[in-house]
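Participant: First, the structure itself, so that you have it in front of you.
The values are calculated or read from the model by the stated rules, or taken from the named source; none is laboratory data. These numbers were taken from a predicted model, which means no experiment stands behind them. All Cβ positions, glycine included, derive from the backbone under ideal geometry; neighbour counts span all protein chains shown. These accessible areas exclude ligands, DNA and RNA; they are computed on the full protein's heavy atoms, side chains included. Shrake-Rupley method; radii C 1.70, N 1.55, O 1.52, S 1.80 Å.
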Amino acid sequence: MKRLPRRAIALAVTALAASGAYAQTQGEDNVLREASARREGISFHKPGLDLSLYGLLDLTFVSQSNANANGDRLSNFTTPWFSGSRWGIIGSRNLPDGAPSLIFKLEGEFVVATGKFDTDNTIFNRDAWVGFYGDNFGKLTFGRQNTLPRDFAGNWGDPYTSDGQVNYEERGWTNTNNFKQLIYYAASPTSTRWDRGVVYKKQFGQFMAGAGHQFQSPGTGNDPVAGENDRNSSNALGLAWNGGMVNVSGFYNQSDVSSTATTAPKLKHKSYALGGDVGIGPMVRVYGGWFHYTAEQPAAVGERKDNAWTLSGRFAPTAKYDFELGYAHFKADNAGVNASGFVLNPYANTNGVTRGVTGTKGTVYASAFYHFDRSTEVYVVADRMKTKDGWADPRSFGKPDQNEFGVGIRTRF
């Protein structure tokens, strides 16, 4: 896209939302569903204001092969498998004159095993946004939040979204394992969350539509630079059909990715995806989808092209138990590598790439949950990653395979 249309997307997001800003009903209790991990939370209510403090703690003990360059095994409490442990505050304030409600969210992540921040010197690394919500208006948010594509592929990227739908919440994807890497095809210059993002979502019956723009975001600790408004910026569109038994969604995503140096070229990274899920009776849901990604690299290396797909299923015979099984496949053609020879994640800066490789990676995974109640569960998990041809993966330190086994507990308040 040229500069004018790209900037126009950001203006169109705001204009589209503003067109529905009048004659709102005060049905904004729905906004508190945004904190899906919160469950009941600790809530404060007074006329015109709803506020909730919530949290989630996930602790996983993992045994991992090829956990260093020597091929040694690591068995310890690690970064949690399924959910980033978090705490947060979410609120909604009614506004006068029929306006949509003001909404806001602050959410930070920590590691239960050590108590440290997940991201150093950043309290609210998961979410820090303010916006507006109304039943007729939709939801418009400004600040740090999920990339829009992340929300429009998370319902089928793995089998852990039980209803398989796209809604107003930020949702979808596990935390850290060998199949979660599909999420990077829905990423940005600031990884899987947008700094300085503007996101608008609107439900039309069974359809959910979304548009978003990320303003220039040079990365943590760096301020935007005048005259470089398109550097490290993103634009995205998403559309979903929530049929209940069958759900379908997809996105288009484009970013200009570069280093913070204004002399470095701005290289275009693009991806699009389509997928969905289907319920087979009351106990089984099957998920699957496909991603296509391209990235400009220095002329001497040429363009990178990836195709990735996934297929998974969830079996829940009772409310107490559920079981998941899945496979994720990655194929990269001329993928840039870092100085250690490891394939770069999609949407990573490719300015410094000097060579590309072609190869594949596949991961099979399984899990089982026992739910004590709505707030607390225990689980066992495992995955096996296998790489072929030129794909060298940083998680296995370039070794051609890696096995992981884990047990964990997750609880919410």
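Participant: I want the local charge near residue 307. Using Cβ-Cβ distances under 15 Å, sum +1 for each Lys or Arg and -1 for each Asp or Glu among the other residues. If you can, show how the numbers build up before the last one.
Facilitator: Values: positive: 270, 304, 305, 331, 361, 388; negative: 303, 306, 333, 389.
Local net charge: +2.
Participant: Mind pulling the per residue volume of the convex hull built on the Cα atoms of the chain? Å³ is fine.
Facilitator: Spread over its residues, the Cα hull of the chain gives 137 Å³ apiece.
Participant: Highest GNM mean-square fluctuation, the chain, Cα pairs closer than 10 Å: which of 172, 154, 115?
Facilitator: Among 172, 154, 115, the largest mean-square fluctuation in the Gaussian network model of the chain belongs to 115.
Participant: Determine the sum of side-chain charges near residue 62: Lys and Arg each +1, Asp and Glu each -1, restricted to other residues whose C-beta is under 13 angstrom from that of residue 62.
Facilitator: -1
Participant: Between the range 297-334 and the range 113-159, how many Å separate their Cα centres?
Facilitator: 22 Å
Participant: Could you sort the peptides 328-338, 140-150 by per-residue average Cβ neighbour count (10 Å cutoff), highest mean leading? All intermediate terms of the calculation are to be shown ahead of the outcome.
Facilitator: Working: 328-338: 21.1, 140-150: 24.8.
Order by mean packing, descending: 140-150, 328-338.
Participant: Give the relative contact order (percent, whole number) for the chain; include only Cα pairs under 8 Å separated by 6+ residues. Walk me through the numbers on the way to the answer.
Facilitator: Values: 1160 pairs, mean separation 59.3, N = 413.
14 percent.
Participant: Under 19 Å Cα to Cα from residue 399, which aspartates and glutamates show up? Leave out anything in the same chain fewer than 8 places away.
Facilitator: Candidates past the 8-residue exclusion: 72, 383, 389.
Participant: Mind listing which trypsin sites (Lys or Arg not before Pro) in the range 92-128 are in a DSSP loop and have 10 or fewer other Cβ atoms within 10 Å? Don't skip to the end; give the middle numbers.
Facilitator: Working: sites: 93, 105, 116, 126; in loops: 116, 126.
Passing sites in the range 92-128 are 116.
Participant: What's the local net charge at residue 326, with K and R +1, D and E -1, over the other residues with C-beta under 10 Å away?
Facilitator: In short, -2.
Participant: In the structure displayed, which of 180/270; 201/320; 180/386 lie more than 22 Å apart, Cα to Cα?
Facilitator: Pairs exceeding the cut-off: 201/320.
Participant: Percent of accessible area on the chain owned by carbon and sulfur, 1.4 Å probe?
Facilitator: After summing per-atom areas, the C and S share lands at 60 percent.
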